[in-house]
1. Does any residue in the range 337-363 that is in contact (Cβ under 8 Å) with a residue 12 or more places away in the chain and more than 21 Å from TYR239 (Cβ to Cβ) come within less than 6 Å, Cβ to Cβ, of a residue that is part of a loop (DSSP other than H, G, I, E, B) and of a type outside the set (Gly, Ala, Ser) six or more places away or on a different chain, and which pairs are these?
2. Would you be able to tell me the number of residues in the range 368-385 that are in contact with a strand residue (DSSP E or B) (Cβ under 6 Å, 6 or more places away or on another chain) and either assigned to a loop (DSSP other than H, G, I, E, B) or among the aliphatic types (A, V, I, L, M) (or both)?
3. Test each condition in (1) among the charged types (D, E, K, R); (2) over 29 Å from SER186 (Cα atoms); (3) surrounded by 13 or more Cβ atoms within 10 Å (Cβ to Cβ) for GLU315 and report the one that comes out false.
4. Quick one: what pairs do we get from the range 184-196, first residue more than 17 Å from THR320 (Cβ to Cβ), second hydroxyl-bearing (Ser, Thr, Tyr) and outside any strand (DSSP E or B), C-beta under 7 Å, 6+ apart or different chains?
5. Would you please name the residue that is farthest from TYR166 (Cα to Cα), looking only at residues in the range 441-452 that are in contact with a helix residue (DSSP H, G or I) (Cβ under 7 Å, 6 or more places away or on another chain) and touching a residue at least 60 places away in the same chain (Cβ under 8 Å)?
6. Test each condition in (1) in contact with an Asp or Glu (Cβ under 6 Å, 6 or more places away or on another chain); (2) free of Cβ contacts under 8 Å to residues at least 12 places away in the same chain for THR427 and report the one that comes out false.
7. Going by the structure shown, is LEU243 in contact with a Lys or Arg (Cβ under 8 Å, 6 or more places away or on another chain) and at pLDDT 95 or above?
8. One residue is enough: does the range 344-360 have a residue meeting the conditions under 26 Å from GLY174 (Cβ atoms), surrounded by fewer than 19 Cβ atoms within 10 Å (Cβ to Cβ) and of a type outside the set (S, T, N, Q)?
Amino acid sequence: MRSIDCDVAILGGGVGGIAAALALARSGLRVILTEEHAWIGGQLTSQAVPPDEHGWIEKFGCTASYRAFREGVRAYYRAHYPLLPAVAANRRLNPGNGWVSPLCHEPRVALAVLEAMLAPHASSGRILILRRHRVRAVAAGGADTVASVTVECRDTGAATTLRAGYFLDATENGDVLPLAGVEHVSGSESRAQTGEPSAPDAARPSNVQSFSVCFVLEELAGENHVIPRPARYDFWRGYVPRLSPPWPGPLLGWAGLNPRTMATMRYNFNPHREKPGLFSGLWAFRRIIDRAQFTPGAYRSDVCLVNWPMIDYMEGDLLTCDDAERARRLADAKQLSLSMVHWLQTEAPRPEGGIGWPGLRLRPDLLGTADGLAMAPYIRESRRILAKKTIVERDVSEKFRSGEKLAERYEDSVGIGYYRIDLHPSTGGDNYIDVPSLPFRIPLGALIPRRVVNLLPAAKNIGTTHITNGCYRLHPVEWNIGESAGLLAAHCLRASTTPAAVHASADRRAAFQRELVAQGIELAWPEDLVLDEGDPHAHAR
């Protein structure tokens, strides 16, 4: 077994892991970054989900490096794609004109931009990336520390031991936490645990937000691209989620629930006929190429990223089961997504009458896979550390902060973000929870485990609850968490201190916050914050 020494080992190459690696490399440290899949980038790439962002994102409310990523995506399209001149000149270029995000783009473009951002650090040897490596074991050190982490190559089975001063868990599911013996929770906590008014009476560790296996479609009218009938099609075709309040019919159907009001609604789906605009329909929802923005003939069809309620997998979580059951649930979720494709092609009612769009075609080339599905499942909820500070409902929910425009003003802020408290239907039978939150800060205390010294969360595994995870889980916030966690590890190595000591001392904390600001991290929202009601993305979903 080979072993490698570094200053900081980052386990997980998703959004938070990339941000942490960039921050550490800028600080002059040697970094090893591991990633379970062939693509780095997590939500943005292997999970294939364009960024969910708040309505101020074009002006403020994210870190400088995240803003550089966003502008890198736009620059890539301008440099390499046949955009119409007026579209290319648009400072707020949105390649897909998807209405869920001001920057709907292809996963491969996000991958190219992230690889370019890491390239100079990889070239210099400051960052070593181990792709297709999974965490397999953690060795404890003395005095509540981690000594090493062993990762295994998914292709060869070869093991590598990583030794470092600090370890960052940036995995999508918080996979390092149980292996390292870090106190953590999963699923929904009880009201007694968190004091949250909306928490249930009893904790349910396996009650986790549904995950989804996304895919990309184009629509070539007059052609036949119907996929073979999936093995589990009959099951999924008749599947009605067991939820409270109840779902209004089969999951594979146009009937659904408004997440905010729980009123029955009908989804609109009409390829080539949906115009850009908020809530216009599912085809334009996360569309990643709007062919009207490119030179005539460049595209035969729009390109649509499918991350819809119909592919939310609720039959089991990925956190409280063994590897064999986890693999079975992932395979079943893929069957759900393929069943959705087949249903769209063959049975879905069309608005003008008739059924099915046989011209819908999967685009596996855009996802780097053979089956046409995303390389990795889209994960909404991770294991979460028991932290020095747990972010609870009363800190961020508009309902419990009457007259306030901002969430709790944590003095130990290491970043900011905004999103509604948005929980998808869960594996325990809970339906949507989608309620207003307020623009929030990320407290340093939520990044610090109660006991273990040299392991930090760097993704969705910080000290939130099942409820508050619903607004801290999106792309720019995860990036901010990872970047701040990386800079915290660098600060502690440089100052020969610990995260807990930084948190406990007002002077040390202030010194660290000055470093964050110097790196382009915003720590507070403006007190006179006004929502731009003219921005179609102002009210996050």
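The values are calculated or read from the model by the stated rules, or taken from the named source; none is laboratory data. Quantities reported herein were computed from a predicted structural model and do not represent experimental measurements. In this analysis, Cβ positions are derived from the backbone assuming ideal geometry, glycine residues included, and neighbour counts consider all displayed protein chains.
1. If the second residue must be part of a loop (DSSP other than H, G, I, E, B) and of a type outside the set (Gly, Ala, Ser), the pairs left are PRO351/ASN270; PRO358/ASN224; PRO358/VAL226; GLY359/LEU220; GLY359/GLU223; ARG361/LEU220; ARG361/HIS225.
2. The initial filter retains those residues of the range 368-385 that are in contact with a strand residue (DSSP E or B) (Cβ under 6 Å, 6 or more places away or on another chain), namely 372-373, 377-381, 383-385.
Remaining after also requiring either assigned to a loop (DSSP other than H, G, I, E, B) or among the aliphatic types (A, V, I, L, M) (or both): 372-373, 377, 379-381, 383, 385.
Qualifying residue count for the region: 8.
3. (2)
4. That search, which allows pairs on different chains as well, returns THR194/THR390; THR194/THR465; GLU196/THR465.
5. Taking the range 441-452 as the starting set, the residues that turn out to be in contact with a helix residue (DSSP H, G or I) (Cβ under 7 Å, 6 or more places away or on another chain) are 442, 444-445, 447-448.
Applying the additional criterion that residues be touching a residue at least 60 places away in the same chain (Cβ under 8 Å) yields 444, 447-448.
Values: LEU444: 17, LEU447: 13, ILE448: 13 Å.
Out of the qualifying residues, it is LEU444.
6. All conditions are met except number (2).
7. Values: in contact with a Lys or Arg (Cβ under 8 Å, 6 or more places away or on another chain): no; at pLDDT 95 or above: yes.
Here the answer is no, as LEU243 does not meet what is asked.
8. Initial filter on the range 344-360 (under 26 Å from GLY174 (Cβ atoms)): none.
Among the residues of the range 344-360, not one is under 26 Å from GLY174 (Cβ atoms), surrounded by fewer than 19 Cβ atoms within 10 Å (Cβ to Cβ) and of a type outside the set (S, T, N, Q), which makes the answer no.
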